[in-house]
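Student: Just passing along the structure, written as structure tokens.
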Amino acid sequence: MRIKLKLFSIAKDLGGFDEQVVEVPPDSVAEDVLHSLIQKNTKFIDWKKSLRYAVNLEYVSDDFPLHDGDEVAVIPPVSGG
Amino acid sequence: MRIKLKLFSIAKDLGGFDEQVVEVPPDSVAEDVLHSLIQKNTKFIDWKKSLRYAVNLEYVSDDFPLHDGDEVAVIPPVSGG
Amino acid sequence: MHEITRNRIDVENVIRSVVSPEAGAVNVFIGTTRNHSSGRTVTSLEYEAYEPMATRMLDMIIREAWNQWDVKNISVVHRIGRVGIGEASVVIAVSSSHRDEAFRASRFLIDRLKDGVPIWKREFFDDGSVEWSLHSHAQKTETEAG
Amino acid sequence: MHEITRNRIDVENVIRSVVSPEAGAVNVFIGTTRNHSSGRTVTSLEYEAYEPMATRMLDMIIREAWNQWDVKNISVVHRIGRVGIGEASVVIAVSSSHRDEAFRASRFLIDRLKDGVPIWKREFFDDGSVEWSLHSHAQKTETEAG
């Protein structure tokens, strides 16, 4: 299945893109998107514990199941305000 | 001795003046200024418990001793803000 | 800075007076005049102050806030005289590095101001009556506004 | 009202949007950009947002504040893009009848905003380096500003 993957802040810098449609295996969960990112850039490993995921504009748990067409965002520590 | 007596808010309305030099007996204390005011207008009796006194721009206790030349203010409940 | 003024308070100006490139947080409290009091309609208000004492007390409570919290700048401006409905009667602004201090100092300042600074509000009602706002314990009446 | 904008925030306008003749108390929190971070000199800042999600979350936390306190109006405006030093990056304004509610709701809103709304700050330092501000537990670094 295909999802729209969005990266922000430091994740965007490490990943080298801000938005990409990616193919993921069926039964993928939110944090699985990190695996493909780590293959591109091993520095993502250091960030594993700091990253949160949002699916379709809502924070989800790491093991939230993904569906075809989902918009999945990798959310580094926020610093608004 | 003589003091400068200042009235504000409801006290000014009841007393009919905002500032007056008044003669008080020696050994007078702050709340003694109320006695002469009650003689002018008995409604001051109802306010006895709500009034505070300031001498030379500072809140004082009711039994604070007055001195010749003091500026004594009768302070009804404040409502600034 | 602190001031008792007969002019309209320029809120932006009060805020500008505390903003600093070294302090990232600003808390502002604004008291505005209300169109009702104890269920009756208020058409306008007037504030009077025992000015030299009020000025002295503002100076004192600002120093108290300074001593208590790590804040950068503090400004307090209170308007006196006639104030239209919905206009600011008081503006307090505090800047600090961390937001907690700005919030706490701002709250402290308005509480202390309302508690003892010699300023009085007179309300003009739509039935033509005029009354001093007297919310003391001894005088009961409704809850304190703002 | 809430808004994520690339324009300079008109603080007076945000305040005006919450002032009501029925609500006597207004609390305003303003976050301003600082000229230093972790002891280094910052020359300018840039904010980026995951806009649709940030908008959705602002809407949500405003509703949470509404449900929790008896407040009249709430406005939250966050600026994104390049922001000069000393300028407002966020303005929160809350009006209520009693000051306690305005203070509490305002504090709640900025705490919640800083805790989870997807907005990121990037600092430009005087030595030419550029860094995302990342104050997570995992990433330690100094205390959160503002």
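Computed from the coordinates by the stated procedures, all read-outs in this text should not be read as laboratory data. Source: prediction; values computed, not measured. So basically every Cβ, Gly included, is an ideal-geometry build from the backbone, and we count neighbours across all protein chains shown.
Student: Does region C:32-61 hold any residues that are in a strand (DSSP E or B) and either farther than 17 Å from D:ALA25 by Cα or of a type in the set (Ser, Thr, Tyr) (or both), and which are they?
Tutor: C:THR32, C:SER37, C:ARG40, C:THR41, C:THR43, C:SER44, C:GLU46, C:TYR47, C:GLU48, C:ALA49
Student: Which number in (1) within 7 Å of another protein chain (Cβ to nearest Cβ); (2) of a type outside the set (Gly, Ala, Ser); (3) out of contact with any helix residue (DSSP H, G or I) (no Cβ under 6 Å at 6 or more places or on another chain) marks the one condition that C:ILE62 misses?
Tutor: With (1) within 7 Å of another protein chain (Cβ to nearest Cβ); (2) of a type outside the set (Gly, Ala, Ser); (3) out of contact with any helix residue (DSSP H, G or I) (no Cβ under 6 Å at 6 or more places or on another chain) applied to C:ILE62, the lone miss is (1).
Student: State which residue is surrounded by the fewest Cβ atoms within 10 Å (Cβ to Cβ) when the search covers only region D:62-81 and only residues that are polar (S, T, N, Q) and closer than 19 Å to D:GLU12 by Cα.
Tutor: Going through the qualifying residues, I end up with D:ASN73.
Student: Would it be correct to say that D:ALA105 is more than 14 Å from chain A (Cβ to nearest Cβ), assigned to a helix (DSSP H, G or I), free of Cβ contacts under 8 Å to residues at least 60 places away in the same chain and touching a Phe, Trp or Tyr at 6+ places or on another chain (Cβ under 6 Å)?
Tutor: no
Student: Also, I was wondering about something else. A:VAL24 passes all but one of (1) closer than 20 Å to D:VAL130 by Cα; (2) surrounded by 14 or more Cβ atoms within 10 Å (Cβ to Cβ); (3) more than 10 Å from chain D (Cβ to nearest Cβ); (4) among the hydrophobic types (A, V, I, L, M, F, W, C); which number fails?
Tutor: Condition (1) is where A:VAL24 drops out.
Student: In region C:24-48, what residues are within 7 Å of chain D (Cβ to nearest Cβ), within 22 Å of C:LEU109 (Cα to Cα) and not hydroxyl-bearing (Ser, Thr, Tyr)?
Tutor: Hits for region C:24-48 are C:GLY24, C:ALA25, C:VAL26, C:ASN27, C:VAL28, C:PHE29, C:ILE30, C:GLY31, C:ARG34.
Student: Here's a follow-up. Return the residues of region B:28-49 that are closer than 19 Å to B:PHE17 by Cα and of a type in the set (Gly, Ala, Ser); say none if nothing qualifies.
Tutor: Across region B:28-49, the qualifying residues are B:ALA30, B:SER36.
Student: Okay, moving on. So, C:SER38, is that one hydroxyl-bearing (Ser, Thr, Tyr) and either touching a helix residue (DSSP H, G or I) at 6+ places or on another chain (Cβ under 6 Å) or crowded, with 16+ Cβ neighbours inside 10 Å (or both) or not?
Tutor: Considered against the rule, which asks whether it is hydroxyl-bearing (Ser, Thr, Tyr) and either touching a helix residue (DSSP H, G or I) at 6+ places or on another chain (Cβ under 6 Å) or crowded, with 16+ Cβ neighbours inside 10 Å (or both), C:SER38 comes out as no.
Student: Condition test on C:VAL42, is it touching a Phe, Trp or Tyr at 6+ places or on another chain (Cβ under 7 Å) and free of Cβ contacts under 8 Å to residues at least 60 places away in the same chain?
Tutor: no
Student: Could you grab me the full set of residues in region C:1-23 that are more than 9 Å from chain D (Cβ to nearest Cβ), touching a residue at least 24 places away in the same chain (Cβ under 8 Å) and assigned to a helix (DSSP H, G or I)?
Tutor: Answer for region C:1-23, where residues must be more than 9 Å from chain D (Cβ to nearest Cβ), touching a residue at least 24 places away in the same chain (Cβ under 8 Å) and assigned to a helix (DSSP H, G or I): C:VAL14, C:SER17, C:VAL18.
Student: Further question on the same structure: For region D:65-74, indicate whether the set of residues that are charged (D, E, K, R) and either away from chain A (no Cβ under 14 Å) or in contact with a His (Cβ under 9 Å, 6 or more places away or on another chain) (or both) is non-empty.
Tutor: Yes, region D:65-74 contains a residue that is charged (D, E, K, R) and either away from chain A (no Cβ under 14 Å) or in contact with a His (Cβ under 9 Å, 6 or more places away or on another chain) (or both).
Student: Going through region B:1-58 one residue at a time, which ones are in contact with an Asp or Glu (Cβ under 8 Å, 6 or more places away or on another chain), of a type in the set (Val, Ile, Thr) and without any contact (Cβ under 8 Å) to a residue 24 or more places away in the chain?
Tutor: Result: no residue meets the conditions.
Student: Please indicate, with yes or no, whether at least one residue in region D:87-95 is farther than 19 Å from C:VAL19 by Cα, touching a residue at least 12 places away in the same chain (Cβ under 8 Å) and of a type in the set (A, V, I, L, M, F, W, C).
Tutor: Yes, that holds for at least one residue.
Student: Can you tell me which residues in region D:98-131 are touching a strand residue (DSSP E or B) at 6+ places or on another chain (Cβ under 7 Å), surrounded by fewer than 20 Cβ atoms within 10 Å (Cβ to Cβ) and aromatic (Phe, Trp, Tyr)?
Tutor: The answer is D:PHE124, D:PHE125.
Student: Among the listed residues B:PHE17, B:PHE64, which satisfies the condition of being more than 14 Å from chain C (Cβ to nearest Cβ) and under 25 Å from C:ARG112 (Cβ atoms)?
Tutor: B:PHE64
Student: To continue, here is another question. When only residues in region B:27-57 that are among the β-branched types (Val, Ile, Thr) and closer than 18 Å to B:ASP13 by Cβ count, which is surrounded by the most Cβ atoms within 10 Å (Cβ to Cβ)?
Tutor: Looking at the filtered set, the residue picked out is B:VAL33.
Student: Okay, moving on. Within region C:17-31, identify whether any single residue is more than 30 Å from D:ARG40 (Cβ to Cβ) and surrounded by fewer than 16 Cβ atoms within 10 Å (Cβ to Cβ), and answer yes or no.
Tutor: There is no residue in region C:17-31 that is more than 30 Å from D:ARG40 (Cβ to Cβ) and surrounded by fewer than 16 Cβ atoms within 10 Å (Cβ to Cβ).
Student: With respect to D:GLU64, determine if the residue is acidic (Asp, Glu), within 21 Å of C:ALA23 (Cβ to Cβ) and touching a residue at least 24 places away in the same chain (Cβ under 8 Å).
Tutor: no
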